[in-house]
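Read the figures in this text as sums done on the coordinates, not as results from a lab. The structure displayed is predicted, hence computed values, not measured ones. Cβ atoms come from the backbone with ideal geometry, glycine included; neighbour counts cover every protein chain shown.
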Amino acid sequence: MILIDGKKISTEIKNEIAIEVKKIVENGNRPPHLAAVLVGHDGGSETYVAYKIKDCEAVGFKSSLVRFDDDVTEEELLNKVEELNNDESLDGFIVQLPLPKHISEQKVIEAINPKKDVDGFHPVNVGRTVIGLPSFVSATPYGIVELIKRYNIETSGKNCVIVGRSNIVGRPLSVLMSQKAINATVTVAHSRTKNLEEVCKNADILIAAIGSPEFVKGNMVKEGAVVIDVGTSRVKSDLTKSGFKLKGDVLFEEVADKCSYITPVPGGVGPMTRVSLLQNTLLAARKEIFK
Ligand code: NAP
């Protein structure tokens, strides 16, 4: 069994990006610039945005943080999005989700100029991905495909089962895995799937994006399968200082020995998600998606 090291691969990619940024600056251009919009003080969102800013610094990007209190109106937020759309000093920006209930996330996503939508959530980018045009692909599916490529995992003609059909993970990943460059035969499973155990057992590549800790057990995995664990659930633990532990969707102890490759949690998909946002920002700065 080979443990897929997302941390190592993401560090390699960060180094590659840093070299590119150096070249951009040496050629007399400004470094890529990413902005993050953060509404309220949700602990998880604060942490994610702090990571994004730290990652920008690590590769030499400029970053900006735009903060609003919880009671910002939808109109105020939409006005800010419009301002960022028109800010030529900025290559891309993200609006950290979730937003407070009184604001329509869909409206905000659709207000972002697709050319600056480095989260890849705008329907234009999703649609372009579906028909195989250059697009900003959301960070987690992008990172997973990058991991599979960099480990030279054979995908052509393989049965790929993705458990989960969310707009940010399962569904876009199913599109990428079925594209001609990857050529997997894809099944998307979800909470209404019948005989899930059998469906999963048929997978050469099994990707769990459920959000249910240790849901995938040994009896659901074929010998020699590649297992990608997207899940990150915080569960209480007496063994850590913080009082919680991060658990994946896969019962690692039962599944690992059966696999040819498996991602750990933490240290698998998570770091790849982080670095994919940087990759999208670099693409935005080079105007490589929308020419
Ligand atoms: P989500 O929007 O809640 O979607 C979960 C999906 O799992 C849904 O499609 C749901 O089916 C399906 N599901 C739930 N229970 C199921 C069951 N018993 N059997 C089969 N399918 C089931 O979650 P998400 O945003 O995709 O995230 C999934 C997990 O990945 C979470 O733990 C999240 O924290 C993690 N995540 C990690 C990263 C990372 O960078 N590592 C990034 C994003 C997300 P229905 O559609 O039928 O409800």
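Would you be able to say whether some residue in region 90-106 is within 14 Å of the ligand (Cβ to nearest atom) and either among the polar types (S, T, N, Q) or over 30 Å from SER191 (Cα atoms) (or both)? Checked region 90-106: at least one residue is within 14 Å of the ligand (Cβ to nearest atom) and either among the polar types (S, T, N, Q) or over 30 Å from SER191 (Cα atoms) (or both). Any idea which residue in region 245-264 is nearest to the ligand (Cβ to nearest atom), counting only those that are among the aliphatic types (A, V, I, L, M) and buried (at least 22 other Cβ atoms within 10 Å of the Cβ)? Among residues in region 245-264 that are among the aliphatic types (A, V, I, L, M) and buried (at least 22 other Cβ atoms within 10 Å of the Cβ), the one nearest to the ligand (Cβ to nearest atom) is VAL250.
Note on region 188-215: among residues that are within 9 Å of the ligand (Cβ to nearest atom) and under 21 Å from LEU147 (Cβ atoms), the one that is surrounded by the fewest Cβ atoms within 10 Å (Cβ to Cβ) is GLY211. In this structure, is ILE168 aliphatic (A, V, I, L, M) and in a loop (DSSP other than H, G, I, E, B)? So ILE168 passes the test. For region 225-232, the condition holds for no residue, the condition being that it is under 26 Å from TYR51 (Cα atoms), charged (D, E, K, R) and exposed (fewer than 13 other Cβ atoms within 10 Å of the Cβ). What's the total number of residues in region 125-154 that are assigned to a helix (DSSP H, G or I) and aromatic (Phe, Trp, Tyr)? Count: 1.
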